[in-house]
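Before any comments, here is the structure.
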Amino acid sequence: VVLKVGIIGTGNIGSDHARRLAWRVSGAEVSAVFDVDTARAQALAAEVGAVALGQATDVIDDPSVDAVVIASPGETHADLVLRTLAAAKPALCEKPLATTTDACLKILEAEADLGRRLIQVGFMRRYDSGYAAVKAALVDGSVGEPLLAHFVHRNAAVPDTFTTEMAMNDSLIHEFDVARWLFGQEIVAATVVPSRPSPLAWPHLRDPQLVLLHLADGGLVEAEVFVSCRYGYDVRCEVVGSTGVVLLETPTASAALRNGRRESPVPADWRVRFGAAYLVELQEWVDGVRRGVVSGPSAWDGYAATAVAESCVASLASGRAVEVGLVARPPLYA
Ligand code: NAP
């Protein structure tokens, strides 16, 4: 049976996901959409063969919707996730799961009451072939014991509505999830150190910044975030093990050799860099939901990443290391 998906939020990523589900993912179709921008929702609905409904809750409750993709702004996620849990429907919620740990905890409680996992968080890097290769090298022990890591997250530019805090809870939240997933460890503390600001960054931004993440086993992850780097979208990762190093650089599909130089393109943005990962993420989510299984990044992973972002924001204010105080992990997420 084809999985009928409802989409809430038809902006950048919501419309990308809708088109992937309609045309590129097998076993799925888009049956209903909602956006506060009615014209945007109607245009997408016409394009993918869905209906545009009047409210987000109409999408969740519609009998023709088996599962929901939540791609509206982060502040709206918690209420929508709680509503889909109340309707006992699976949801793929874009990051963040919620903007506060308190809201994340309500979601964990509601899912635990149901007794089964219905929520997946959109941490698509876990589906990127490059990150998967890094994970495989750590799991097979080929570089010994993982000790520390260096991450880089650079964007060419951001709109002037972007804040210093958003570098933590919007950009680096992906690195927080990747660090936990690669090392199989929780992050127990975080320190943020701003660098000399770029003269090309918005005057209100502290950019670039370095973040030090302390792992439960004593391991360290150092992450640079620089959202005004100008030259492109550059995401890298290097994990240092006891017998070797695993390196993930920004992949390049081609290079031009001319005039004594070798030139290869840098992706313009996340759409280009992670396009293939989003497709794998959606296909695996659809396949799992059709079998009654949700096995991707969980509500617990969403909670843990938001908790690290909160500690980073507190560290921005205090200039000191801030502990990440997680509740005990419920058995549902063992
Ligand atoms: P966007 O382009 O602004 O799209 C969001 C859409 O939701 C807009 O059309 C917005 O309308 C609409 N909206 C606002 N309030 C709503 C509500 N209460 N109910 C339904 N729709 C509402 O943003 P985006 O870049 O697609 O980001 C959406 C989410 O995806 C964010 O949480 C973001 O962090 C996440 N995201 C994840 C990735 C990833 O790599 N996994 C990449 C990009 C984005 P208005 O414009 O009229 O407000």
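Can you give the net charge of the other residues whose Cβ lies under 15 Å from the Cβ of Ala201, counting K and R as +1 and D and E as -1?
Details: positive: Arg154, Arg196, Arg206, Arg230; negative: Asp160, Glu165, Asp207, Glu224.
In short, 0.
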Completion exercise
accessible surface per residue for the chain, probe 1.4 Å, DNA/RNA/ligands not counted, whole Å² -> 44 Å²
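Okay, helix-only estimate at 222 nm for the chain: each DSSP H run of n ≥ 4 adds -39500 (n - 2.57), divide by all residues, round to 500 deg cm²/dmol; what do you get?
Working: 10 runs with 112 residues, N = 334.
Value at 222 nm, helices only: -10000 deg cm²/dmol.
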Problem - Set of lysines near Lys89 by C-alpha distance (under 29 Å), chain-local residues within fewer than 8 positions excluded - result: Lys4, Lys106
Exercise for the section: Report, in cubic angstrom per residue, the convex hull volume of the C-alpha atoms of the stretch 1-123. Expected result: 95 Å³
Exercise for the section: Could you check the simple spin-label distance between Leu212 and Leu200, using points 7 Å along Cα→Cβ, in nm with one decimal? Expected result: 2.9 nm
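Taking the Cα centre of the chain as the origin, how large is its charge dipole in debye, to the nearest 20, when only Lys and Arg (+1) and Asp and Glu (-1) carry charge on their Cβ atoms?
Values: 29 positive and 40 negative charges, 163 e Å.
Roughly 780 debye for the chain.
Between Arg329 and Glu145, what FRET efficiency follows from the Cβ-Cβ distance if R0 is 22 Å, with the result rounded to 0.05?
Working: r = 23 Å, r/R0 = 1.04.
Calculated transfer efficiency: 0.45.
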Handout entry: Candidates Arg125, Arg258, Arg236, ranked by Gaussian network fluctuation over the chain, Cα under 10 Å, top entry
Key = Arg258
Problem - Sites Gln55 and Arg19 - FRET efficiency at Förster radius 25 Å, r taken between beta-carbons, to 0.05 - result: 0.60
Practice task
For the stretch 28-88, would you read off the P(r) tail past 16 Å as a percentage of all alpha carbon pairs?
Solution key: 41 percent
Fill in the blank from the handout: Amide H contacts under 5 Å for Ile7, restricted to residues at least 5 apart in sequence or on another chain and with H modeled in the peptide plane, are Ala32, Val33, Phe34, Val69
Fill in the blank from the handout: The size of the Cβ-based charge dipole (Lys, Arg +1; Asp, Glu -1) of the stretch 200-277 about the Cα centre, to the nearest 20 debye, is 420 debye
Practice task
Kindly report, to the nearest 10 Å², the accessible surface of Met124 as traced by a 1.4 Å probe over protein heavy atoms only.
Solution key: 10 Å²
Fill in the blank from the handout: Long-range amide H partners of Ala28, meaning residues 5 or more apart or on another chain whose placed amide H is closer than 5 Å, are Leu3
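Based on the inverse mean of 1/r over its pairs of different Cα atoms, what is the Kirkwood hydrodynamic radius of the chain, in Å?
Working: mean 1/r = 0.0482 Å⁻¹.
Here the Kirkwood hydrodynamic radius works out to 20.7 Å.
Counting only DSSP beta bridges with both residues in the chain, what percent are antiparallel, rounded to the nearest 5?
Values: 30 of 55 bridges.
Percentage antiparallel, nearest 5: 55.
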Fill in the blank from the handout: HN-Hα couplings for the stretch 147-155 via Karplus (6.51, -1.76, 1.60; θ = phi - 60°), in whole Hz with x for Gly/Pro, come out as 10, 8, 9, 10, 10, 10, 9, 10, 10
Problem - Leading residue at positive end of dipole, the stretch 1-137 (Cβ point charges), from Ile70, Val1, Ala56 - result: Val1
Fill in the blank from the handout: In the chain, whole DSSP H helices that both stretch 24 Å or further along their axis by alpha carbon positions and average at least -0.5 on the Kyte-Doolittle scale are 275-291, 299-318
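Based on the Cβ-Cβ distance from Glu238 to Ala39, what FRET efficiency comes out when R0 is 30 Å, to the nearest 0.05?
So the FRET efficiency works out to roughly 0.10.
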Exercise for the section: Have a look at Ser311, Pro265, Gly244 and report the one farthest towards the positive end of the charge dipole of the stretch 236-334, computed about the Cα centre with Cβ charges (Lys/Arg +1, Asp/Glu -1). Expected result: Pro265
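Taking Cα pairs under 8 Å and at least six residues apart, what relative contact order does the stretch 1-41 come out at, in percent?
Working: 52 pairs, mean separation 21.0, N = 41.
With pairs under 8 Å counted, the relative contact order is 51 percent.
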Handout entry: Virtual paramagnetic centre 7 Å along Cα→Cβ of Val2, amide N under 17 Å, in the stretch 30-50
Key = 30-33, 45-50
Exercise for the section: Calculate the radius of gyration of the Cα atoms of the stretch 143-225 to one decimal place, then report Dmax, the largest Cα-Cα distance, as a whole number, both in Å. Expected result: 13.7, 44
Handout entry: the stretch 78-210, accessible surface, carbon-and-sulfur percent (1.4 angstrom probe)
Key = 57 percent
Exercise for the section: Just grab the label-to-label distance for Asp113 and Val266, each label 7 Å out from Cα along the Cβ direction, in nm (one decimal). Expected result: 4.8 nm
Exercise for the section: Please find, in a Gaussian network model of the chain (springs between Cα atoms separated by less than 10 Å), the residue of Glu145, Glu224, Glu186 whose mean-square fluctuation is greatest. Expected result: Glu145
Practice task
Could you work out how far the C-alpha centroid of the stretch 65-89 sits from that of the stretch 96-125, in angstrom?
Solution key: 10 Å
Handout entry: Within straight-line cross-link reach of Lys135, aspartates and glutamates at Cα separation under 17 Å, skipping those fewer than 8 residues along the same chain
Key = Glu145, Glu175, Asp177, Glu186, Glu238, Glu249, Glu281, Asp301
Fill in the blank from the handout: Taking alpha-carbon centroids only, the stretch 173-200 lies from the stretch 1-54 a number of Å equal to 33 Å
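The values are calculated or read from the model by the stated rules, or taken from the named source; none is laboratory data. Just so it is clear, the structure is predicted and the values come from calculations on it, not from any experiment. A quick note on method: Cβ atoms are made from the backbone with ideal geometry, for glycine too, and the neighbour counts reach across all protein chains shown. Protein only, heavy atoms only, side chains kept; ligands, DNA and RNA dropped before computing areas. Shrake-Rupley method; radii C 1.70, N 1.55, O 1.52, S 1.80 Å.
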